[in-house]
Amino acid sequence: MKWLFVVVAIVLGCAAAEARRIKKSARPRLNMPPGWTWPPSAKMKADGQKCLAQLTELGVKWEKGPATPKIVTPILLTNMEIGGVKLTSIWRKGPFPMDCYLALAFAERGAAALRAAGIAEIRFAGIHDYRNVAGKKVLSRHALGLAMDAFEFVDDNGDKHIVKSDYREGDETLWAMEDYINDTGAFRLLLTPGNDPRHHYDHFHFEARTNTEAVVSKVNF
């Protein structure tokens, strides 16, 4: 009879181990920038304060944002404008919390590149969104407040450039903007219909670099 208890114990132990493995595998990989952890380390918090100081120095109008899941340094843009580029939500109402580094990517180089392409307004659909990357068990950088999805752009003449319909038609403004943004090196990723037609056929995905992912820009605008 003793052997029966041993067998049952082994079976139950294996089942519990398998359950733990399945539960662990179901969790999304955090997809944090190099050196980042959660909860945020003291260094990450200190770096966030430096980022805020840089935003202020660059003339960006911001205020402290509400505590938001997985955003290390949450801010709100008080006038939803960076470097002469207006940010307008297409569908949702604000506020729109983002990490300081997303605003900084635009403030340092991104907005100037957009202006060089004649863009005066970004019409976006989402910034912070606690979700995985489409089709993967990897946490999206939207969940960290480091990404923005832009579906439309408005130029200096007031003309609207819609990514879904205009990009494939050879819209020179959208194509130039893509090249300019990539040349700045300010963004970790810029996904568009040109490099990811499956998931980004209708929008541009701007994904900011953090201080641990910094690169030297190719072009100064």
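Listing for the model above:
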| read-out | value |
| --- | --- |
| Å² of accessible area per residue within region 88-128, as computed with a 1.4 Å probe and no ligands counted | 34 |
| D (Stokes-Einstein, µm²/s), Kirkwood Cα radius, region 73-123, 1.567 mPa s at 4 °C | 114 |
| Other-chain or far-sequence residues with amide H under 5 Å of ILE119's (modelled H) | none |
| In nm, spacing of pseudo-spin labels at THR212 and ALA46 (7 Å Cα→C-beta vector) | 1.5 |
| Gyration tensor verdict on region 66-221 (Cα atoms; rounded if a/c is under 1.5, prolate if a/b is larger than b/c, oblate otherwise) | rounded |
| Paramagnetic label zone (point 7 Å from Cα along Cα-to-C-beta, GLU169; backbone N under 20 Å) in region 105-119 | 118-119 |
| Euclidean distance of C-alpha centroids, region 79-150 and region 162-188, integer Å | 15 |
| Computed over region 40-116: relative contact order in percent, which uses C-alpha pairs under 8 Å that are six or more apart | 31 |
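The values are calculated or read from the model by the stated rules, or taken from the named source; none is laboratory data. Note that the structure is predicted; figures quoted are calculated from it, not measured. Please note: Cβ atoms are built from the backbone with ideal geometry, for glycine as well, and neighbour counts cover all protein chains shown. SASA here: full protein model, heavy atoms, side chains in, ligands and nucleic acids out. Shrake-Rupley method; radii C 1.70, N 1.55, O 1.52, S 1.80 Å.
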